Amino acid sequence: MESLGVLLLRPLDTYLEQELDRRCRLLRLWDAPHDRRGEFLRAHALSIRAVVTGGGSGAGGDAELIDALPRLEIIVCYAVGFDHVDLTRCRERGVRVTNTPDVLTDDVADLAVGLAIDAPRRIPHADRYVRAGLWKANNGYYGLTNQFSGKRVGIIGLGRIGLAIAKRVEGFGCPRTRQQAYPNYTYLPTVVQLAAVSDGLVVACSPKEQSRGIVSREVIEALGPRGVLVNVGRGAHVDQPELVAALAEGRLGGAGLDVFEAESDVPQVLMALDNVVLAPHMGSGTRETRKAMADLVLANLEAHALSKPLLTPVV
Amino acid sequence: MESLGVLLLYPVNAYLEQELDRRCRLYRFWESPREEFLRAHAGAVRAVVGNANYGADAALIDALPALEIVASFSVGIDRVDLAKCRERGIRVTNTPDVLTDDVADLAVGLAIAVLRRIPQADRYVRAGLWKSRGDYTLTTRFSGKRVGIIGLGRIGQAVARRVEAFDCPVNYHQRTEQKSVYPNYTYYPTVVELASNSDVLVVACPLNASTRHIVSREVMETLGPKGVLINVGRGPHVDEPEMVAALADGRLGGAGLDVFEDEPNVPEALLGMDNVVLVPHVGSGTYETRKAMADLVLGNLEAHVLSKPLLTPVV
């Protein structure tokens, strides 16, 4: 695929970048200063046939970009979520889209369970306590926390990641996890019911418009002062201001959050709380998985260049 | 058991203390200087209640001529002089089972936390670095890592069950292999061989003369620069100065530690390290479990007073 013009929107992974450089005709969007990006795109528009994006909010692949690239054939996402890509526009233009499912399932599930244990048991807080010398200063005292084993875990979205989480928590004796399929986001009451019978609620659904705000104030309150929310999906799934208020006021027991409404902006209020664990969208952030994701991106590009079936198409 | 003189060695739990006060004749060891207390009350003490860090050693047992039972608020009883108790005909009880799940949860929680750097990432976010520096560093996957368990007792088995759900192969070492009971787990006759075949080594055996420093320099070097040590047993299971040096040098990859040789003192060097997670002996520290442990202590004392079989005798 040496003649394939590929536009990389931002630095994602050294190995991926090196391989794209080696095997394709790579253009880096960030070579141009922010205010000259339009010019840059115009200058190279005719040679760009593929775009590689990352994941998370603001990752690129919107209508504006697609419209600026008349020769665009494929958008390859280095992510499993593709909410940042304008699929409608892609379909209209006949632009293919791929993502990186499966290879990151285990890592995201591991992080979800890690957060689910670390939040109620306050492991990061305890670690800070020890490092600050407080264990010694307080003569060996540390408060009590909440148990994880045997708690009822409710999973929103029993897709690949949700299923992997369910399998793991069963090993901790957590009772039969309930799934909540949500073909229509408007079924709020059902998610509320899920929250009402769960001690821990894990958000593992794919980002769709219908699931925006699926974890509402009502759901949060149904989860309650001893409940824990874990989000490894998208910040947009949760009403963030409500979440922050509920945590600060004790209406929600705790939370483990890997995603936020606007990354990397984390509300100041959360930063000061002891009953939350905050992670910088690192669900798939292991060396093993990122290499597998990169290889999948490259394989999809190669399949496209050779007119073979795409490995993991979304569109 | 109103007339039972109970000596509580340390304020280990408010509920336990209240109940002992209400139901027995409670003496609080920390309220007056040791010699003064013994002169005044030694003859009235028929029961001693201690915990992981405060036990009935030979000197104390010798000073209490009326002692009949030591009921420890812990499962580990390495601080109780069992030989002396046997000599004197003193019964000893501990609190097994009720804390198994919490300790196993912590072991797994620590393993995920160390490998995925959850507390470190949480600090990164709270320090505003996600915003200013961008994505957190890549870590390594937990799922599928080979987990080696020293001691496949109640806690060890509970750890094994949990990590199996993450597709972790389970290896173990203890005095005897139990092939028929654990056909899916691989036995190693020495701890060094276990370390050689494991990525994560979990200490889950009781502390006694033969298990002191069972995790030696050799074991840690064999576990290696990518290996992770998880200690939810007792500090003295590990050669602590060697461990600190190995972690500092990179000869040992990382560690998740709930226990230390001299609690609550934690080696200064560990406090600044990024490849460790340190928690203040919280293995059984949940509201749920501490209440269950307290009830077990009270249940054992009551059984003793009523000349009924003890619930969880060790001696």
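The values are calculated or read from the model by the stated rules, or taken from the named source; none is laboratory data. Everything numeric in this text was worked out from a predicted model, so none of it was measured. Glycine also receives a Cβ, built like all others from the backbone with ideal geometry; neighbour counts cover every protein chain displayed. Accessible surface is based on the protein model in full, side chains and every heavy atom, while ligands, DNA and RNA are left aside. Shrake-Rupley method; radii C 1.70, N 1.55, O 1.52, S 1.80 Å.
So the values come out like this:
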quantity: Residue that is surrounded by the fewest Cβ atoms within 10 Å (Cβ to Cβ), among those in segment B:275-302 that are under 15 Å from A:S149 (Cβ atoms) and within 8 Å of chain A (Cβ to nearest Cβ); calculated: B:Y287
quantity: Pairs where the first residue, in segment B:285-298, is under 17 Å from A:D118 (Cβ atoms) and of a type in the set (G, A, S) and the second is open to solvent by 10 Å² or more (accessible area, probe 1.4 Å) and outside any strand (DSSP E or B), C-beta under 6 Å, 6+ apart; calculated: B:G285/A:L144
quantity: Within segment A:124-155, tally of residues that are open to solvent by less than 10 Å² (accessible area, probe 1.4 Å) and either among the charged types (D, E, K, R) or touching a Leu at 6+ places or on another chain (Cβ under 7 Å) (or both); calculated: 3
quantity: Sole residue being out of contact with any Cys (no Cβ under 6 Å at 6 or more places or on another chain), touching a residue at least 24 places away in the same chain (Cβ under 8 Å), buried (at least 20 other Cβ atoms within 10 Å of the Cβ) and in the same structural domain as B:V170 (by the TED database), chosen from B:I112, B:I90, B:I77, B:I69; calculated: B:I112
quantity: Number of positions in segment B:136-154 that are within 14 Å of chain A (Cβ to nearest Cβ) and not in a loop (DSSP other than H, G, I, E, B); calculated: 3
quantity: Subset of segment A:114-164 (residues that are closer than 24 Å to A:K208 by Cβ and either assigned to a helix (DSSP H, G or I) or at the interface with chain B (Cβ under 9 Å from one of its Cβ atoms) (or both)); calculated: A:L115, A:A116, A:R160, A:I161, A:G162, A:L163, A:A164
quantity: Pick from segment A:276-291, criterion more than 9 Å from chain B (Cβ to nearest Cβ) and within 17 Å of the chain's Cα centre (by Cα), ranking: farthest from A:G254 (Cα to Cα); calculated: A:S284
quantity: Given (1) at pLDDT 95 or above; (2) within 12 Å of chain B (Cβ to nearest Cβ); (3) more than 30 Å from A:Q18 (Cβ to Cβ), index of the condition A:G227 fails; calculated: (2)
quantity: Subset of segment B:146-176 (residues that are charged (D, E, K, R) and touching a helix residue (DSSP H, G or I) at 6+ places or on another chain (Cβ under 7 Å)); calculated: B:R154, B:R162
quantity: Strands (runs of 3 or more DSSP E) wholly inside segment A:1-88 that include at least 3 residues being more than 20 Å from the chain's Cα centre (by Cα); calculated: A:5-8, A:25-28
